[in-house]
1. Taking segment 120-132 as the region of interest, how many residues are closer than 24 Å to ALA78 by Cβ and either more than 9 Å from the chain's Cα centre (by Cα) or of a type in the set (Phe, Trp, Tyr) (or both)?
2. Please go through segment 155-164 and pick out each residue that is more than 14 Å from the ligand (Cβ to nearest atom) and either touching a residue at least 24 places away in the same chain (Cβ under 8 Å) or open to solvent by less than 70 Å² (accessible area, probe 1.4 Å) (or both).
3. Filter segment 174-195 for residues that are within 24 Å of LEU120 (Cα to Cα) and within 16 Å of the ligand (Cβ to nearest atom) and give the result.
4. For ALA105, state whether it is more than 10 Å from the ligand (Cβ to nearest atom) and assigned to a strand (DSSP E or B).
5. Could you please find all residues in segment 51-76 being outside any strand (DSSP E or B), more than 11 Å from the ligand (Cβ to nearest atom) and under 17 Å from the mean Cα position of the chain (by Cα)?
6. Take segment 109-134 and flag every residue that is open to solvent by 10 Å² or more (accessible area, probe 1.4 Å) and among the aliphatic types (A, V, I, L, M).
7. Just one of the numbered conditions (1) farther than 17 Å from GLY191 by Cα; (2) within 16 Å of the ligand (Cβ to nearest atom); (3) open to solvent by 10 Å² or more (accessible area, probe 1.4 Å) is not true of GLY48; which one?
8. For GLY201, state whether it is away from the ligand (no atom under 16 Å from the Cβ), free of Cβ contacts under 8 Å to residues at least 40 places away in the same chain and open to solvent by less than 40 Å² (accessible area, probe 1.4 Å).
Amino acid sequence: MIATTADTDFIHVFEPGSDPARRPLLLLHGTGGDERDLLSLGRTMAPGASLLSPRGRVLEGAAPRFFRRLAEGVFDEADLKRRTDELAEFILWARERHGLAAPIALGFSNGANVAAALLLQRPEILAGAALLRAMTPFAEPPAADLTGKPVLILSGALDPIVPKANAEALAGQLGASGAVVEHRTLPAGHGLGQADLGLLGDWLARN
Ligand code: MLT
């Protein structure tokens, strides 16, 4: 494992992969997580892939996040836009530093929301994304060309944070931008379960 902080403001972990055929994974944790949270998930779900895992730079109390929110599910969109650009620049830096192809994002909750923002605001940055318990990041999403990019959205029918209609709106926005969207709603809450892992592993093996 290589953990580097020099030359970038993002605390992060980079783990070089052993399988050059696999796309790198960009791991984006949820509120209160950090750069180590999703490493074992990434290793299990995409064996051999390089893993790039930054820590969100916003603190809500002691909890790291990728952008500010005004209340649960209500985002500070000016901050979101700025943080999305910062994250995009970090990914470009890491690609050059480590010789990486454009990554597939694997994001949970707040990390899924910033991954959705990356897709819509900086569509050139990601090769695709798996969005676990995501919601629409922008009230009025920017026009983006996501033609052919694969996106998996896994939602929970009982999720108290993400209303069903909101997750469907996100799937609609990404699909209207040309992404190849697979949206599954599971009998689950905001947390992940075995059904998520099965669908995620299958999707990553195909993308
Ligand atoms: C967010 O703030 O991104 C969402 O409400 C998910 C969360 O982090 O709780």
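1. Applying the first criterion (closer than 24 Å to ALA78 by Cβ) to segment 120-132 yields 120-126, 129, 131.
Restricting the remaining residues to those that are either more than 9 Å from the chain's Cα centre (by Cα) or of a type in the set (Phe, Trp, Tyr) (or both) gives 120-126.
Summing the residues that are closer than 24 Å to ALA78 by Cβ and either more than 9 Å from the chain's Cα centre (by Cα) or of a type in the set (Phe, Trp, Tyr) (or both) in segment 120-132 gives 7.
2. Start the filter on segment 155-164 by keeping residues that are more than 14 Å from the ligand (Cβ to nearest atom), which leaves 157-158, 164.
If the condition is that a residue be more than 14 Å from the ligand (Cβ to nearest atom) and either touching a residue at least 24 places away in the same chain (Cβ under 8 Å) or open to solvent by less than 70 Å² (accessible area, probe 1.4 Å) (or both), then ALA157, LEU158 are the ones that fit.
3. So the first thing to find is which residues in segment 174-195 are within 24 Å of LEU120 (Cα to Cα), and the list is 174-185, 190.
HIS190 - this is the single residue of segment 174-195 that is within 24 Å of LEU120 (Cα to Cα) and within 16 Å of the ligand (Cβ to nearest atom).
4. On the way: more than 10 Å from the ligand (Cβ to nearest atom): yes; assigned to a strand (DSSP E or B): yes.
Answer is yes for this residue.
5. Initial filter on segment 51-76 (outside any strand (DSSP E or B)): 55-57, 61-62, 66-68, 72-73, 76.
Still in the list and also more than 11 Å from the ligand (Cβ to nearest atom): 55, 57, 61-62.
Result: ARG55, ARG57.
6. Listed by number, the list holds a single entry, ALA127.
7. Going through (1) farther than 17 Å from GLY191 by Cα; (2) within 16 Å of the ligand (Cβ to nearest atom); (3) open to solvent by 10 Å² or more (accessible area, probe 1.4 Å) one by one, GLY48 breaks only (2).
8. Numbers: away from the ligand (no atom under 16 Å from the Cβ): yes; free of Cβ contacts under 8 Å to residues at least 40 places away in the same chain: no; open to solvent by less than 40 Å² (accessible area, probe 1.4 Å): yes.
Criteria not met by GLY201.
The values are calculated or read from the model by the stated rules, or taken from the named source; none is laboratory data. Given the structure is predicted, the values throughout are model-derived calculations rather than measurements. FYI the Cβ positions are ideal-geometry reconstructions off the backbone, even for glycines, and counts take in every protein chain you see. For accessibility, only protein heavy atoms count, side chains too; no ligands or nucleic acids. Shrake-Rupley method; radii C 1.70, N 1.55, O 1.52, S 1.80 Å.
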